[in-house]
Amino acid sequence: MSMIATGPPSVFPRLEPLLPRVSKPIQYVGGELNSVTKEWEAVEVRWCLSYPDAYEVGLPNQGIAILYEVLNEHDWILAERTYAVWPDMEALMREHAVPQFTLDSHRPVGEFDVFGLSFATELGYTNMLTALDLAGIPIHAHDRREHDPIVLAGGHAAFNPEPIADFLDAAVLGDGEEIALTISAAIREWKADGRTGGRDGLLLRLAAGGGVYVPKFYDVDYLPDGRIHRVAPNRGGVPFRVSKHTVMDLDNWPYPKKPLVPLAETVHERYAVEIFRGCTRGCRFCQAGMITRPVRERSIEVIGEMVQRGIETTGLEEVGLLSLSSSDHSEIGEITRQLADRYEGSNISLSLPSTRVDAFNVDLANELSRNGRRSGLTFAPEGGTERMRKVINKMVTEDDLVRTVAAAYSHGWRQVKLYFMCGLPTETDEDVLAIAKLAKRVIATGREVSGRRDIRCTVSIGGFVPKPHTPFQWTAQCDHETVDARLGKLRDAIRGDRQYSRAIGFRYHDGKPSVIEGLLSRGDRRVGEIIEAVWRDGGRFDGWSEHFSYERWAACTEQCLAGSVVDLDWYTTRERDYAEVLPWDHLDAGLDREWLWEDWQDALDEVEVPDCRWTPCFECGVCPELDTTIQIGPTGRKLLPLTPVADLSKTR
Amino acid sequence: MAPTSRTQPEQHPPPVQWLRVKYAKRGRARFTSHRDFGRAFERSLRRAGVPMAYSSGFSPHPRISYGNAAPTGAASEAEYLEIGLVAMCDPDKVRDALDASLPPGLDVIEVVAATHGALADELTGSRWQVELPGLPAATLKTAVEAFLATDAVPVQRMTKTGMREFDSRTSVVKIDVENARLIVTLAHQIPLVRPDDVLAGLRSASPAFAPIDPPVVTRLAQGRLDLESGTITEPGR
């Protein structure tokens, strides 16, 4: 470990005596392979990046991994990392006055120029407050001092940052690669200019470009009935709308090149290559598919280079070919075949998150498991009936599904996992009970084609949460009592049939956490007070069922909203109409609001919308609005041959 | 038709060479657990391009056999493992390649061709250094004398199967006090007594023995223990 001679001293000497007293101390030690340390004074702009969850979840996060490399490749920028500390460590840090620290050089987070947090989910909000507080950074943006870092949010949840607006100095929407460098350059320039205008001067520079949202430069007015009246800039030089960022030509951004390899165990022990970004399948519940448009493919050559370099620099054996719908890559057949050829006979295993219900997916999975074990395949029909699937625009017929699972079981796959959602718009008990029928047909088909009785099917159900920037942003969220009742009936329907009950696994969660996720997803600035109250009451790690407390959230919501015209139901189970100003309407994901509304009406009419990659544009608005286009192949190119490995042989 | 899971998986060739690796866990890397180390080591083998032999079966894993590992939080200058290779390699080249590819703090000290006999038979004792910041030498001496004067000092430790009580005394061959540090020579017995068990024993033998900061424990040597003299001979020597 290199010595850090300049800048704020490392907190490690104060941290070290605490380490034997906490669980899994290795997660606080840093020094991961491929981690970067730099001299403090040798750089001009310093970022502390964070994924606000435990190390084991945060370290594999792609967003942070990419930005860490993109920023550190510039010699004038430093990026270090910090993650949420567990409550045992938090207590000791408070007792011994050890501030929130980075893992790379164990520097105090409060010393950096930017504290950038990536929110994949809203359930990390309380952890952000813990990190700020431990760092000695005031949790409210308006209390921050000149020397405090700019607290900046990104990630999918940042597409509606309003619930955490009071805690943020700024937020960015969309792909982070280019905007992170733009922000760095602005900070560098601002410093060179003698920090003109102080903290607000910098924020104004960032906001003026239209690519950085500074919540405090916007005022929100409310109507007497609680709805938003207007969101508008409260000073000159700040645009009315803030747009998302889209990186075009992914081949120019082949990150992560050398991801960090932790000593501690993490949730994903694989090298992940994004084979494309964006998705135009148009599933109406899917926020990721809506906000990451258009589709931009990475070429087969660059994918091949990234896989090989990733294996070499990490020593990982598992490679994941990731995207929102990996089998949709225009050259996925060639990619899987050529990679499988290249690594045949080695111990490198390739995986494809197979969620599309399509026999082609089974062919790909077969290719990637030529000699390995065929344990389980996952498909996501999402809805139990064809009617339900038309509402959500998941164009899969029951026969498609049966054909797909038949292909899987007949090729030796032992288990099929099926993902569904409960609580979808217009859903009835029948839609959910149909899942049991479907699962039984899957098992019956599997037994028939494989000639075996030991095949299994697991039904996994999540509660649907309406998300901003989707056609379902206006819908009423289903209450948890209804969700729980439907799941109970479904469980009985599966367990009650002795012929099948032992072959069908059933995994579900109770509906309450989804309600809080709904509150945080579609909330406005008034929700910030609730988040703070929950955190002050001890709320931490809300993404973990053993830490999450619905009762605490419900009680704090009631207490914070007492005397106001809005309540938990108002935020969650209330349907919005076209005219209502939504908290995120001034944030532009590129999607045309008219189109989203029409798509919502089409959903109610059970009308499907095809994918614009293969049919004419259906005018969602993203490409013209953001001056982007779909970038897809096929390119017809091939993987490049590999160079031989190191020679350790015995010299004679 | 493609192979199904019922077909026999590919059989891997047996090792042609076994190498014994002596390595150290230093500084911050002492917080690496044994499982963490195993994962990191396997990745280092791949990065270094060591031609590992793999076990046969549906989930082949590299042929590595570990000697008894220092507990999480303890540093070590004398950890051992053996690796099976499918091609004859130069041990020095393997040492350099592995050392370069391991994360900082995990350092390969020596790689030699393994001698016959199981690693466990070669590792019957360890010498540990225990640093106790803030404890005066007199307190240490008193505690050590009280501890060694007894035949048995029962201590408790939380194990995977719950709280267990066992004797911390009989495994202790000797304890020297040097520069306010303890040098503890331990025989590897069942149950395996670790330095922290000895510290618990010292506390129980002498109430004044109460370290403020957590002690820093380092394994200095490991090998064949001579119970009479307390000397430890490195494996293969």
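Every read-out reported here was derived from the displayed coordinates using simple, explicitly stated rules and does not represent laboratory data. On a predicted model such as this, the values are computed, not experimentally measured, just so you know. Glycine gets a Cβ as well: all are built from the backbone with ideal geometry, and neighbour counts include every protein chain shown.
Return the FRET efficiency for the residue pair A:E430, A:E265: r is the Cβ-Cβ distance, R0 is 35 Å, and the value is rounded to the nearest 0.05.
Computed FRET efficiency for A:E430 and A:E265 comes out at 0.20.
For each of A:C283, A:C617, A:C457, count neighbouring Cβ atoms within 10 Å of the residue's Cβ, then give the residues from fewest to most.
With the sparsest Cβ surroundings first, the list reads A:C617, A:C283, A:C457.
From the phi angles alone, apply the Karplus equation (6.51, -1.76, 1.60; θ = phi - 60°) to segment A:165-177 and give each ³J(HN,Hα) in whole Hz, x where the residue is Gly or Pro.
Ordered by residue, 3J(HN,Hα) equals 4, 5, 9, 9, 8, 7, 9, 10, 10, x, 5, x, 3 Hz.
Would you kindly enumerate the cysteines in chain A that have no other Cys beta-carbon under 4.7 Å from their beta-carbon?
A:C48, A:C279, A:C422, A:C457, A:C478, A:C556, A:C560, A:C612, A:C617, A:C620, A:C623
Students often forget the sequence filter, so: which aspartates and glutamates lie under 13 Å Cα-Cα from B:K25 once same-chain residues fewer than 8 apart are removed?
Result set, ordered by chain and number: B:D36, B:E77, B:E79, B:D99, B:D107.
Using 0.36 nm times the number of residues separating B:L220 and B:H188, minus their current alpha carbon distance, what extension gain do you get?
Additional length available on full extension: 10.1 nm.
Evaluate the relative contact order of chain A (contact order divided by residue number), counting alpha-carbon pairs under 8 angstrom at least 6 apart; express in whole percent.
For chain A, the relative contact order is 14 percent.
Sticking with the crude label model, points 7 Å out along Cα→Cβ, report the distance from A:F360 to A:E301 in nm, one decimal please.
In this crude spin-label approximation the distance works out to 2.4 nm.
Tell me which residues come under 5 Å, amide H to amide H, from A:A272 once H is placed; ignore anything under 5 positions away on its chain.
For A:A272, whose amide H was placed from the backbone, the distant partners under 5 Å are A:G320.
Check A:S349: other-chain or 5+ apart residues with amide H under 5 Å from its amide H, H built from backbone geometry?
HN-HN under 5 Å from A:S349: A:E318, A:V319.
Return the sequence-ordered ³J(HN,Hα) values of segment B:175-181 in whole Hz as given by the Karplus equation 6.51 cos²θ - 1.76 cosθ + 1.60 applied to θ = phi - 60°, using x for Gly and Pro.
10, 10, 9, 10, 6, 6, 10
I want to check the label-to-label distance for B:A120 and A:R230. Put each point 7 Å from Cα in the C-beta direction and report it in nm to one decimal.
7.9
Tell me the Rg and the Dmax, in Å, that the Cα atoms of segment A:36-130 produce.
Final numbers for Rg and Dmax: 13.2, 38 Å.
For A:G116, which sequence-distant residues (separation of 5 or more, or a different chain) have an amide H within less than 5 Å of its own amide H, given hydrogens modelled in the peptide plane?
Those lying under 5 Å, H to H, from A:G116 are A:C48, A:L49, A:S50, A:L152.
What list of ³J(HN,Hα) values in whole Hz, one per residue of segment A:383-395 in order, does the Karplus curve 6.51 cos²θ - 1.76 cosθ + 1.60 (θ = phi - 60°) give from phi, with Gly and Pro shown as x?
Values, residue by residue: x, x, 10, 5, 4, 4, 5, 5, 4, 8, 6, 10, 7 Hz.
Just the number: Rg to Rh for the protein assembly as shown, Cα atoms, Kirkwood Rh, two decimals.
0.98
For A:R94, put the label point 7 Å out on the Cα→Cβ axis and report which residues of segment A:105-149 keep their amide N under 18 Å from it.
Under cut-off, by backbone N: A:125-140.
Just check segment A:288-417 against the gyration tensor rule for me: Cα atoms, a ≥ b ≥ c as the square roots of the eigenvalues, rounded for a/c under 1.5, and otherwise prolate or oblate depending on whether a/b exceeds b/c.
Because a/c hits 1.5 or more and a/b fails to exceed b/c, segment A:288-417 counts as oblate.
Need one value for B:30-37: mean number of C-beta atoms belonging to other chains within 10 Å of its residues' C-beta atoms.
5
How would you rank A:534-544, A:582-592, A:85-95, highest first, on the average number of other Cβ atoms within 10 Å across their residues?
Packing proxy ranking, top to bottom: A:582-592, A:534-544, A:85-95.
Could you name the lysines whose alpha carbon sits less than 20 Å from that of B:K93, not counting residues in the same chain fewer than 8 places away?
Candidates past the 8-residue exclusion: A:K650, B:K22.
Where a ≥ b ≥ c are the square roots of the eigenvalues of the C-alpha gyration tensor, would you call segment A:112-244 rounded, which needs a/c under 1.5, or, failing that, prolate if a/b is larger than b/c, or oblate?
rounded
Mind giving me the nanometre distance, one decimal, between the label points for A:A555 and A:D577, set 7 Å out from Cα along Cα→Cβ?
In this crude spin-label approximation the distance works out to 3.8 nm.
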